[in-house]
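The values are calculated or read from the model by the stated rules, or taken from the named source; none is laboratory data. Please read all numbers here as calculations on a predicted model, not as lab measurements. So basically every Cβ, Gly included, is an ideal-geometry build from the backbone, and we count neighbours across all protein chains shown.
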Amino acid sequence: MSDKIIAAVDIGSYKVATVVGVSSSESNELRIIGFHSSPSRGVKKGLIVDIDEITMAVEESVEKTERMAGHKINQVFISVGGPHISSINSHGVVAISNPQSEIIEDDVNRAIEAARAISISNTRQVIEVIPREYVVDGQAGIKNPIGMTGVRLEVDTHIITASLTNLKNLNRSLSELGLNNSGYIFAGLASAEAVLTETEKELGVVLVDIGGGKTDICLFVEGALSYSSSIPVGAKHITNDIAVGLRVSLQSAEKIKLHLSHHFSNKKEPGKKDAELNLISLHLPENVSSVTLKSLTDGIIAPRLEEIYKLVSDEIEKSGFSNSVPSGLVITGGGAMTVGMIEIGRRFMEMPIRIGVPAEITGLVDEILNPQFSTTVGLLLYGQKNIIPEVGWKNFNKILRDVSLGNSINKIKEFFKQFIP
Ligand SMILES: Nc1ncnc2c1ncn2[C@@H]1O[C@H](COP(=O)(O)OP(=O)(O)OP(=O)(O)O)[C@@H](O)[C@H]1O
Ligand SMILES: [Mg+2]
């Protein structure tokens, strides 16, 4: 089978990042051939607030990525996140069509369809339906029931929904640029795909992507996605606090925040907390030349990080799985690089915590192997798993088997729609 070019646009509140990769069908390898990230405009807390602004930002990002890759981008996976995201676990039950013989793909699809039949408001749209486990004649914990024998098939699914208005706005922006939408992917789920290990997912883990304007959460129990949500607080709030605390503009506060991270990551021994952080090299218009490390880290940043951790902890509590995540938290997104993230988190959450950096890609990866681009990389990795190679109807059975193995039925259906006249 031939290699396939896949592309994704991660529309964040802080940046718009486009990535193109070559997906090898034989080795499952993903080789990055183009990438560009530029400041986002027209998005707040994951919601589009100005279509023209975001369209221009996406256009610029896509064009620069195309130039780098030497390939035209025609269709893209798109990240969706923000507090309009909600999730529900739903159960579906069907009688097996021919109880004398094996369970076939059609039974599995009917079970998933039955689980999908939840009543949602007409202002929302289902963006993901993921089978968590199957139950055959009362026997639970089955990952793939095809080929088994039984009379009753049940499925537990995780369903993610999003605001229809926001999805329509995203689509409008893409269609203005002549880009086809390969599928919406929840940003938290994309990040999870890029940074979590299979062992963490099996043991139970919470992925926390702290972006500029929002924090996306995906909780995995026994390998299955079990809770998804998004909090309208992100690392821009830390910048705001620095601006207020030091009486500087937001631009200066952002520079100070990044300078502080740089200071801590560059020095093995960053110095005592009462030491001053020299700001002269930043040439701030406010003429602030230094600030004590302690006032920045303990006085301004720590309380906001504690607030973010409190909100994450509330979400874990809300999920009902707080006792099922021994692998703790994996923090990613640009906000994960905030000074004190790990120390404050370990103290506050009393759980194992690590920073998640995207993995499993090759090629032009220098810039992209950074927590800020976990969603961006994850869109390609998740998309790669859900993409169907160029096939005809002959391979219909294989595709349905892929569906039953955990791929999103939604995207597969979308794929088939294009063949229906
Ligand atoms: N080295 C760093 N140290 C501290 N903070 C950083 C660093 N690099 C980036 N950030 C912060 O990360 C945030 C942006 O993260 P990210 O790029 O993941 O956001 P986004 O995906 O655009 O937004 P969202 O997902 O919320 O819509 C900004 O607030 C930025 O200040
Ligand atoms: Mg993001």
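Table for the structure above
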{"read-out": "Considering residues of segment 241-252 that are farther than 13 Å from Thr338 by Cβ and in contact (Cβ under 8 Å) with a residue 12 or more places away in the chain only, the residue nearest to ligand 1 (Cβ to nearest atom)", "value": "Ser252"}
{"read-out": "Test for Ala194: is it closer than 26 Å to Ser289 by Cα, in contact with a helix residue (DSSP H, G or I) (Cβ under 6 Å, 6 or more places away or on another chain) and either buried (at least 24 other Cβ atoms within 10 Å of the Cβ) or modelled with pLDDT under 95 (or both)", "value": "no"}
{"read-out": "Residue, surrounded by the fewest Cβ atoms within 10 Å (Cβ to Cβ), within segment 45-83, restricted to residues that are more than 16 Å from ligand 2 (Cβ to nearest atom) and polar (S, T, N, Q)", "value": "Asn74"}
{"read-out": "Scope segment 317-336; condition within 16 Å of ligand 1 (Cβ to nearest atom) and surrounded by fewer than 22 Cβ atoms within 10 Å (Cβ to Cβ); matching residues", "value": "none"}
{"read-out": "Conditions (1) of a type in the set (Phe, Trp, Tyr); (2) more than 13 Å from the chain's Cα centre (by Cα); (3) over 22 Å from Ser313 (Cα atoms): number failed by Tyr184", "value": "(2)"}
{"read-out": "Residues within segment 84-102 that are modelled with pLDDT of 95 or more and either within 16 Å of ligand 2 (Cβ to nearest atom) or assigned to a loop (DSSP other than H, G, I, E, B) (or both), tallied", "value": "2"}
{"read-out": "Helices (runs of 4 or more DSSP H) contained in segment 127-214 and holding at least 1 residues within 16 Å of ligand 2 (Cβ to nearest atom)", "value": "164-176, 187-195"}
{"read-out": "Tabulated pairs, segment 80-92, first under 16 Å from Leu170 (Cβ atoms), second among the hydrophobic types (A, V, I, L, M, F, W, C) and surrounded by fewer than 21 Cβ atoms within 10 Å (Cβ to Cβ), C-beta under 6 angstrom, 6+ apart or interchain", "value": "Gly82/Leu47"}
{"read-out": "Count of residues meeting criterion [surrounded by 24 or more Cβ atoms within 10 Å (Cβ to Cβ), near ligand 1 (Cβ under 8 Å from one of its atoms) and not small (Gly, Ala, Ser)] in segment 208-237", "value": "5"}
{"read-out": "Criterion: surrounded by 17 or more Cβ atoms within 10 Å (Cβ to Cβ) and farther than 19 Å from Thr376 by Cα - qualifying residue of Ser37, Ser97, Ser90, Ser101", "value": "Ser90"}
{"read-out": "Selected residue (criterion: nearest to Tyr14 (Cα to Cα)) from residues of segment 359-382 that are among the hydrophobic types (A, V, I, L, M, F, W, C) and within 14 Å of ligand 1 (Cβ to nearest atom)", "value": "Phe373"}
{"read-out": "Residues being farther than 18 Å from Lys201 by Cα and over 20 Å from the mean Cα position of the chain (by Cα) - total across segment 319-341", "value": "2"}
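Okay, residues lined up against (1) among the aliphatic types (A, V, I, L, M); (2) within 25 Å of the chain's Cα centre (by Cα):
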| site | (1), (2) |
| --- | --- |
| Ala57 | yes, yes |
| Ala69 | yes, yes |
| His91 | no, yes |
| Asn98 | no, no |
| Ile104 | yes, no |
| Ala115 | yes, yes |
| Val129 | yes, yes |
